[in-house]
Amino acid sequence: DGGITQSPKYLFRKEGQNVTLSCEQNLNHDAMYWYRQDPGQGLRLIYYSQIVNDFQKGDIAEGYSVSREKKESFPLTVTSAQKNPTAFYLCASSIDQGLAKNIQYFGAGTRLSVL
Amino acid sequence: AQSVTQLDSHVSVSEGTPVLLRCNYSSSYSPSLFWYVQHPNKGLQLLLKYTSAATLVKGINGFEAEFKKSETSFHLTKPSAHMSDAAEYFCVVSPGTYKYIFGTGTRLKVLA
């Protein structure tokens, strides 16, 4: 089945620890995105990548880092600099041509909590 | 500046009655507009997409939305609510490639 896989489903972070959230897609999409979701605030963009080896900051990039070494993978690291990391994190991908142009496809999310 | 406003944070309907979820947008260009649904602890699933081909857009699960440029609205409707429709719904405007602006969501409750 084609789609986006996020892992783990639940993640716990200790004080001062960096944690990495995985996002893999087999849709052959060029663009990938990371969003943070907090109750009542909708989705806020952390980072996005239009192509391999390139990415841009979104609206709330502070305390997060990403890499895009492969087309299929876009991992997100929540660093110790992110003081309020508890949230639901969603990864998405999109393509800019064809019938699915501009439609974002989402993974099932990772819920991060602080111990 | 582009923006999207979902006018109701919560909507309750009885099973079998119509659903109306309201969305207004602001955009300098002719945007793409989307409605997504999210069930608890799940990702977002596309319901429908507007891209200027037709003002009335039909989506999955019996949902549809009408684009009204004069009112800058893109309201989501369904003639008859089902218990399985209970979820959170997001209106999204895309003013350009790789750019998406999400509304704050409307939580739909369906009463038996």
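Within the range B:57-80, being assigned to a strand (DSSP E or B) and surrounded by fewer than 14 Cβ atoms within 10 Å (Cβ to Cβ) holds for B:K58, B:K68. Of the residues making up the range B:40-56, those that are within 13 Å of chain A (Cβ to nearest Cβ), part of a strand (DSSP E or B) and not aromatic (F, W, Y) number 6. B:K78 meets all of the listed conditions (1) at pLDDT below 95; (2) in contact with a Gly (Cβ under 7 Å, 6 or more places away or on another chain) but one, namely (1). The set of residues in the range B:33-56 that are within 15 Å of A:A100 (Cα to Cα) and either open to solvent by less than 20 Å² (accessible area, probe 1.4 Å) or within 11 Å of the chain's Cα centre (by Cα) (or both) comprises B:L33, B:F34, B:W35, B:Y36, B:L46, B:L47, B:L48, B:K49, B:Y50. Of the residues making up the range A:29-64, those that are more than 11 Å from chain B (Cβ to nearest Cβ), open to solvent by 20 Å² or more (accessible area, probe 1.4 Å) and among the aliphatic types (A, V, I, L, M) number 2.
One residue stands out in the range A:9-28 among those that are out of contact with any Lys or Arg (no Cβ under 9 Å at 6 or more places or on another chain), part of a loop (DSSP other than H, G, I, E, B) and not aliphatic (A, V, I, L, M): the one that is nearest to the other protein chains (Cβ to nearest Cβ), namely A:N26.
The values are calculated or read from the model by the stated rules, or taken from the named source; none is laboratory data. This structure is a prediction, so every number in the text was calculated from the model and none was measured. Every residue, glycine among them, receives a Cβ derived from its backbone with ideal geometry; neighbour counts consider all protein chains shown. Surface areas here come from the heavy atoms of the whole protein model, side chains and all, with no ligands, DNA or RNA. Shrake-Rupley method; radii C 1.70, N 1.55, O 1.52, S 1.80 Å.
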